[in-house]
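The values are calculated or read from the model by the stated rules, or taken from the named source; none is laboratory data. Quick caveat, the model's predicted, so the values are computed rather than measured. We place every Cβ from the backbone using ideal geometry, glycine too, and count neighbours over all the protein chains shown.
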Amino acid sequence: MDFINKIKNFLDKDIKEDEYALVDDPIFGKVAKVKAPDKWVRTTCGYCGVGCGMYIGVKDGKAVYSKGDPKHPVNLGTLCPKGLSEHKMVTAPSRAKGALIRKDGALQQVSWDEAFNRVAVKFKEISAKYGSKAIGVISTGQLLTEEFYTLGKFVQLGLKTNNYDGNTTLCMASAVMGYKQSFGSDGPVGCYEDFEKADVIMLIGANIADNHPILKLHLMKNKKNKKIIVVDPRKSKTAQMADIYLPIKPRSDLALINGLCYIILEQGWEDEKFINERTTGFKEFKKHILNNYKPQDVAEITGIDVKTLYEVARSYATADSAMSAWTMGVNQSAIGTDTVSAINNLALITGNLGKEGSAPMSITGQCNAMGTREFGFTSSIPGYRDYKNDKDREEFANIIGVDVDLIPKERGYAYPQIIEAIDRGEIKALWVVATNPLVSFPDQNRLRSALKKLDILVVQDSFLSDTAQIADVVFGAATWSEKEGCYTNSERRCNWAKKAIEPYADTKSDFDIIKEFSKYFDGVHEMLYKNIETPRDAFEEIKRVSKGRLCDYSGMSYELMEELGGIQWPCNEQYPKGKKRLYTKEMPCPTPDGKARLLPVDWKPLSEDICESFPLILNTGRTVEQFHTRTKTGTIGILNDLAPEAWVEMNELDAQKLQVKSGDRISISGNRGRVDNIVVKVANTVREGTIFVPFHFNKQLINAVTLPEFDAKSFEPNYKQCAVQLHSSRVPQGIKLQKQEIMGEIAYQKEQNSIKSLHQKEGISS
Ligand SMILES: Nc1nc2c(c(=O)[nH]1)N[C@H]1C(S)=C(S)[C@@H](COP(=O)(O)OP(=O)(O)OC[C@H]3O[C@@H](n4cnc5c(=O)[nH]c(N)nc54)[C@H](O)[C@@H]3O)O[C@H]1N2
Ligand SMILES: Nc1nc2c(c(=O)[nH]1)N[C@H]1C(S)=C(S)[C@@H](COP(=O)(O)OP(=O)(O)OC[C@H]3O[C@@H](n4cnc5c(=O)[nH]c(N)nc54)[C@H](O)[C@@H]3O)O[C@H]1N2
Ligand code: SF4
Ligand SMILES: [Mo]
């Protein structure tokens, strides 16, 4: 036992004793070995959008081990630290144990019948008094596709409210709208093989080293023939992998891309044949670019010098295959949608679409952000159908056998609009499914005051999340490994996630929760789920709903997914094993003329720039060890110990001004809120005048400070830039504004030199 304890302390606090056995080893004597699982269940990781294949080891009905699936094409046997410890989150002490109702101020476990009944009565009451749209629902990118579909039907057709959206609006919405603007439909166009095959790859606002670690395997294949360009104001771990690193000024990507297009057009490096055959709008586009994005102006806006702009433009345009991949540095911006279209423009004028190593590729965030885009029934009708198109509405209604008048004619409120409607008193009930707004939504003070106005808050979560803890009713849900269905990853690959163990305590799968809850509403269950007993039945209906659409699943089955290691849609008679890339030569874009659109789009300056009171720009994001609001990773020793609290990354020059060093604690204030007691990391990964703070932590809640500004087309928050001040005990009043703008590349170089001379003066070797 002592030995086990030693091992526990040495390796990881969370090791369960019953997972280990002491065995005799000829060299080391007694050693602790993991007990062999009774069975290995093949499944898919439930964390991020990479979609790694893995096995769960099951012993005595418990998940005891996670390991990579060597045959899975996405990860070939490897997993990142989150995947490797995934089985541990299933038994975290913070799991919700079943249905809970707030009684005398505290959440108490009750029967499911009592919880369902309580919520149904309240929803009906609110619906009768204020109309069904007074019920708002916010879901996620982390359910199984079958669950999204089942939930969407219930909310839109059963509860009859279109005020339904997901946390995907905090995440992928700009990519969705940008793809729609450019290509006529949502859907990431490329695949992971493109990371391998590209001669030039530009990663824009995507820190894959922390957040999509397994993608590095694809990127590093064939590395010696490849040029990696990283665009990020912060010198992230990914930036360290770059051949060319562009430390651009915050949110100037759109100007950068337009500037590259200028140089390409000026130099005649564009692909004329491709432009003529596959695109529309070239004339206006060219005029717009040549009139407005001269290299010198772009250098000013972005801070990247003209020479480097030419070098990057030439590399990109003259490569046989060039690819751009982006994530939140692009999407989470008030000009996110148009920045995505600018990236698409660059791909189109250089002919980088629909061929190997060539794609404007949105990397997705959550394990099934794609599933909800395809069939979630939030911003579109399942199967990428449009609310505004009567033919789409009719077609969907016919397939599922409901009256077409039931299908909404427009999208309801997006996530931030739902919060505003609650604040106005228009939405009275909120049902939150698998998301934790009390940590993840911007401008927390406003959110929290709005939520207090609700008549009822229902939270459906697998853990007692921050939001669950303030709920009136909690539907405690089963999670990954305890239920079956599929996830679609960033490359449109649908993977089967299998059930390995029984749901924890008295929890139920989201699929079962929704179906059983629907029985408390007259006729709804019979109307929506008459042939849907199991996730497999829902999958069959999804196949019918998708047939003939871009996201065509009609040729798929769970078994084929397992055999092939996932299937990339479209999968049908024409593409029986799926299709790697969209919009290849033989595949027109889903626009009326089959062509992609070149769109004139414009950069806009920050709406909340630095000022006397708030002289720094705050950038927020992630770290490899933690996932989002930490309900899953916060109790896993090996992950949490490495990143137990938030930090503020600041430049040496700012640290000097505040008279602080790494390890000191300071406060951050902004127009909307303040965070105290946050630890300093002095690192020249960020420039003077900018700081970075991870958003995972509820104690040092950085979203108390972030900006409630949203992209007008996608409603995605501008999480990555807002103005702040720092306060230390030595300099409580904070930093004085000295510069009129955040520094560009030229200034950055000067700054680096000044740091060097500072070091020399103080005798520090650098
Ligand atoms: N470990 C871990 N992995 C995750 C997640 C997690 O929470 N933890 N979450 C998953 C999810 S849902 C998502 S959406 C993805 C997100 O994955 P990423 O998008 O990689 O994550 P972030 O850290 O939010 O932001 C990425 C980068 O954008 C940069 N950035 C900030 N401002 C700008 C700008 O103006 N321009 C440019 N070009 N870049 C800028 C930041 O400095 C940061 O390095 O990760 C997924 N994977
Ligand atoms: N400042 C700042 N804020 C950000 C971001 C940023 O970069 N900066 N990024 C934004 C982005 S991209 C995202 S995606 C969001 C993420 O923000 P959230 O969606 O709030 O983050 P999660 O912690 O993943 O929340 C998911 C919830 O679902 C629960 N859950 C897990 N599995 C299941 C299940 O199977 N069923 C049910 N019912 N519940 C389950 C988890 O316990 C957790 O409470 O944060 C956004 N917020
Ligand atoms: S890269 Fe993403 S999908 Fe793969 S193991 Fe890590 S968290 Fe899971
Ligand atoms: Mo995300």
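Could you list all residues from the range 417-450 that are crowded, with 17+ Cβ neighbours inside 10 Å, more than 24 Å from the chain's Cα centre (by Cα) and not charged (D, E, K, R)? Answer for the range 417-450, where residues must be crowded, with 17+ Cβ neighbours inside 10 Å, more than 24 Å from the chain's Cα centre (by Cα) and not charged (D, E, K, R): ALA421, ILE422, ILE427, ALA429, ALA450. Among helices (runs of 4 or more DSSP H) entirely within the range 389-450, having at least 1 residues that are within 24 Å of ALA369 (Cα to Cα), out of contact with any His (no Cβ under 8 Å at 6 or more places or on another chain) and within 16 Å of ligand 4 (Cβ to nearest atom) singles out 415-424, 437-440. Here GLN240 passes the criteria (1) within 16 Å of ligand 1 (Cβ to nearest atom); (2) buried (at least 17 other Cβ atoms within 10 Å of the Cβ) except the one numbered (2). For the range 584-597, check the following and say yes or no: at least one residue is more than 16 Å from ligand 2 (Cβ to nearest atom), farther than 27 Å from LEU254 by Cβ and in contact with a strand residue (DSSP E or B) (Cβ under 9 Å, 6 or more places away or on another chain). Yes, the range 584-597 has at least one match.
Among the residues of the range 32-43, is there at least one that is within 16 Å of ligand 3 (Cβ to nearest atom), closer than 28 Å to ASN207 by Cβ and at pLDDT 95 or above? Looking through the range 32-43, at least one residue is within 16 Å of ligand 3 (Cβ to nearest atom), closer than 28 Å to ASN207 by Cβ and at pLDDT 95 or above.
For the range 346-405, which residues satisfy the criterion of being crowded, with 24+ Cβ neighbours inside 10 Å and charged (D, E, K, R)? Passing the criteria: ARG373, GLU374.
Considering the conditions (1) in contact (Cβ under 8 Å) with a residue 40 or more places away in the chain; (2) closer than 19 Å to LYS483 by Cα; (3) surrounded by fewer than 20 Cβ atoms within 10 Å (Cβ to Cβ), PHE521 is excluded by exactly one of them, (2).
No other residue among GLU270, GLU311 is closer than 19 Å to VAL230 by Cα and surrounded by fewer than 24 Cβ atoms within 10 Å (Cβ to Cβ) apart from GLU311.
Of the strands (runs of 3 or more DSSP E) entirely within the range 632-748, those holding at least 2 residues that are over 20 Å from ASP210 (Cβ atoms) occupy 665-670, 674-682, 722-727.
Listed here are the residues, each with its yes/no results for (1) among the hydroxyl-bearing types (Ser, Thr, Tyr); (2) within 16 Å of ligand 2 (Cβ to nearest atom); (3) touching a helix residue (DSSP H, G or I) at 6+ places or on another chain (Cβ under 9 Å); (4) closer than 26 Å to PHE148 by Cβ.
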| site | (1), (2), (3), (4) |
| --- | --- |
| GLY329 | no, yes, yes, no |
| SER362 | yes, yes, yes, yes |
| CYS367 | no, yes, no, yes |
| ALA397 | no, no, yes, yes |
| ILE400 | no, no, yes, yes |
| ILE419 | no, yes, yes, yes |
| ASP423 | no, no, yes, no |
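Can you go through ILE638, ILE617, ILE668 and tell me which one is surrounded by fewer than 19 Cβ atoms within 10 Å (Cβ to Cβ) and either assigned by TED's automatic domain parsing to the domain that holds ALA704 or within 14 Å of ligand 1 (Cβ to nearest atom) (or both)? Unique residue meeting the criteria: ILE638. For the range 478-502, the set of residues classified as closer than 19 Å to TRP112 by Cα, more than 21 Å from the chain's Cα centre (by Cα) and in contact (Cβ under 8 Å) with a residue 40 or more places away in the chain consists of GLU482, LYS483, GLU502, listed by residue number.
The residue that is surrounded by the fewest Cβ atoms within 10 Å (Cβ to Cβ), counting only those in the range 276-307 that are in a helix (DSSP H, G or I) and hydrophobic (A, V, I, L, M, F, W, C), is LEU290. So, GLU562, is that one surrounded by fewer than 22 Cβ atoms within 10 Å (Cβ to Cβ) and not in a loop (DSSP other than H, G, I, E, B) or not? Answer is yes for this residue.
I'd like the residue in the range 48-61 that is in a loop (DSSP other than H, G, I, E, B) and surrounded by fewer than 24 Cβ atoms within 10 Å (Cβ to Cβ) and, out of all such residues, is farthest from ligand 2 (Cβ to nearest atom). The selected residue is ASP60. Residue count for the range 644-661, restricted to those that are loosely packed, with under 14 Cβ neighbours inside 10 Å and more than 18 Å from ARG622 (Cβ to Cβ): 2.
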